Amino acid sequence: MISIDNITMTYNKGTVTALKSISLTINTGELFGLIGPDGAGKSSLFRILTTLLLADKGTANINGHDVVKDYRRIRNTVGYMPGRFSLYQDLTVEENLEFFATIFGTTIRENYDLIKDIYIQIEPFKNRRAGALSGGMKQKLALCCALIHKPEVLFLDEPTTGVDVVSRKEFWEMLKRLKAQGITILVSTPYMDEANLCDRIALIQKGEILSIDTPAQVIASFPVPLYAIISSNPFSLLRDARSYEWIDSCFAFGDSLHATFKKGGETGFISFMESKGHQDIQMNRFEPSIEDCFIRLLKN
């Protein structure tokens with residue numbers, strides 16, 4: 001459904017590189033996640049694919065249509081939800097929906113089945129101005145407006161940023177139902193835990209793709225044992241752990257450390273830490289998360 005070949009994008013007369021030779025393909029009916037922190041290049045790629053920006057180099061196609069030559073056709077067949085709420089805040093919920101339906105030559109009634117599960121949650125507020133909605137309600141309204149013309153591909157740029165945990169969970173459940181209706185979904189997010197909800201993911205940082213695979217395969221490719229380390233003195237735990245000559249990597253995760261060792265180095269770690277005054281060290285091996293994999297890819 002989506003084919004991206006060697007896309008490069010720069011800003012400020014070429015002095016700032018947003019995307020570096022990005023290439024990937026997204027299959028029809030797939031829920032694909034673009035995972036990376038702020039400034040990684042996610043929004044730039046989305047704007048190119050939705051025909052809002054021109055890339056410096058490379059090509060991109062959506063369902064066989066070139067994003068430059070066939071931009072009019074693409075705009076009629078994709079739905080786009082930008083990272084920032086961009087609907088008309090002085091219009092009501094219902095007025096926003098009617099406006100976007102009219103632009104695409106359709107009606108709310110014609111495609112109501114597609115947005116029904118989402119719209120019934122905001123219908124009690126249909127006469128409220130969009131600017132007065134809560135963050136979660138704005139998110140649901142924006143998704144309805146992006147879907148009202150029954151798009152083939154749905155682009156969602158960081159749709160859950162700044163939204164409460166309950167709304168985030170509801171949003172991903174909605175995406176699963178949309179995927180079941182055959183819509184191809186490309187979603188970007190800085191939240192590593194959301195990567196596990198996608199069919200496949202691409203990890204991106206500083207405009208470069210670090211890895212493309214299923215979440216399970218990304219985790220399975222972690223090459224060494226990973227350990228969680230806990231102590232009652234977390235302030236000095238990280239500093240002392242990093243001074244151990246056999247440590248390979250060590251990062252703070254909440255109230256614990258996630259560490260890897262050079263071959264065989266884990267056997268003498270607790271003794272070393274006890275010599276530094278840590279008397280209650282707990283060290284357990286566990287399965288890495290997507291975030292652990294991302295950090296290791298950055299390190300390498």
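The values are calculated or read from the model by the stated rules, or taken from the named source; none is laboratory data. The structure presented is a predicted model; accordingly, all values stated were derived computationally and were not measured. All Cβ positions, even for glycine, are placed from backbone atoms using ideal geometry, and neighbour counts span all protein chains on display.
A few points about this structure:
- Failed item, numbered, when S44 is tested on (1) within 23 Å of L141 (Cα to Cα); (2) of a type outside the set (D, E, K, R); (3) part of a helix (DSSP H, G or I): (1)
For (1) closer than 30 Å to S43 by Cβ; (2) touching a Lys or Arg at 6+ places or on another chain (Cβ under 7 Å), each residue gets a yes or a no:
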residue	(1), (2)
I204	yes, yes
P223	no, no
Y227	no, yes
F251	yes, no
F261	no, no
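- Odd one out for H258, checked against (1) in a strand (DSSP E or B); (2) surrounded by fewer than 16 Cβ atoms within 10 Å (Cβ to Cβ): (2)
- Residue in segment 213-229 that is farther than 26 Å from E266 by Cβ and outside any helix (DSSP H, G or I) present: yes
- Filter result for T107 (assigned to a helix (DSSP H, G or I), among the polar types (S, T, N, Q) and without any contact (Cβ under 8 Å) to a residue 60 or more places away in the chain): no
- Checked against the criterion of being surrounded by 15 or more Cβ atoms within 10 Å (Cβ to Cβ), closer than 13 Å to D5 by Cβ and at pLDDT 90 or above, the candidates L53, L49 yield just one match: L49.
Matching residues to (1) surrounded by 14 or more Cβ atoms within 10 Å (Cβ to Cβ); (2) in contact with a Leu (Cβ under 9 Å, 6 or more places away or on another chain); (3) modelled with pLDDT under 85; (4) not β-branched (V, I, T):
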{"site": "M81", "(1), (2), (3), (4)": "yes, yes, no, yes"}
{"site": "S86", "(1), (2), (3), (4)": "no, no, yes, yes"}
{"site": "I122", "(1), (2), (3), (4)": "yes, yes, no, no"}
{"site": "N127", "(1), (2), (3), (4)": "no, no, no, yes"}
{"site": "A130", "(1), (2), (3), (4)": "yes, yes, no, yes"}
{"site": "C144", "(1), (2), (3), (4)": "yes, yes, no, yes"}
{"site": "V165", "(1), (2), (3), (4)": "no, no, yes, no"}
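- Selection count where residues are surrounded by 14 or more Cβ atoms within 10 Å (Cβ to Cβ) and in contact (Cβ under 8 Å) with a residue 24 or more places away in the chain, scope segment 207-223: 10
- The set of residues in segment 89-104 being surrounded by fewer than 14 Cβ atoms within 10 Å (Cβ to Cβ) and not in a helix (DSSP H, G or I) consists of Q89, D90.
Conditions tested, residue by residue: (1) surrounded by fewer than 16 Cβ atoms within 10 Å (Cβ to Cβ); (2) assigned to a helix (DSSP H, G or I).
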position: A252; (1), (2): yes, no
position: G268; (1), (2): yes, yes
position: S271; (1), (2): yes, yes
position: D280; (1), (2): yes, no
position: M283; (1), (2): no, no
position: E287; (1), (2): yes, no
position: L298; (1), (2): yes, yes
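- Within segment 46-84, tally of residues that are hydrophobic (A, V, I, L, M, F, W, C) and over 20 Å from K13 (Cβ atoms): 9
- Comparison of V163, V187 shows that the only residue that is aliphatic (A, V, I, L, M), under 29 Å from F294 (Cβ atoms) and either over 23 Å from the mean Cα position of the chain (by Cα) or part of a strand (DSSP E or B) (or both) is V187.
- Against the numbered list (1) surrounded by 14 or more Cβ atoms within 10 Å (Cβ to Cβ); (2) under 30 Å from the mean Cα position of the chain (by Cα); (3) assigned to a loop (DSSP other than H, G, I, E, B); (4) not aromatic (F, W, Y), I204 comes up short only at (3).
- Odd one out for K176, checked against (1) closer than 30 Å to G58 by Cα; (2) under 18 Å from the mean Cα position of the chain (by Cα); (3) in contact (Cβ under 8 Å) with a residue 60 or more places away in the chain: (1)
- Residues in segment 230-246 that are more than 26 Å from D38 (Cα to Cα) and assigned to a helix (DSSP H, G or I): P234, F235, S236, L237, R239, D240, A241, R242.
- If the condition is being under 18 Å from Q279 (Cα atoms) and surrounded by fewer than 15 Cβ atoms within 10 Å (Cβ to Cβ), then segment 235-250 contributes F235, S236, R239, R242, S243.
- Residue among G14, G83 that alone is out of contact with any helix residue (DSSP H, G or I) (no Cβ under 8 Å at 6 or more places or on another chain) and either of a type outside the set (D, E) or assigned to a loop (DSSP other than H, G, I, E, B) (or both): G14
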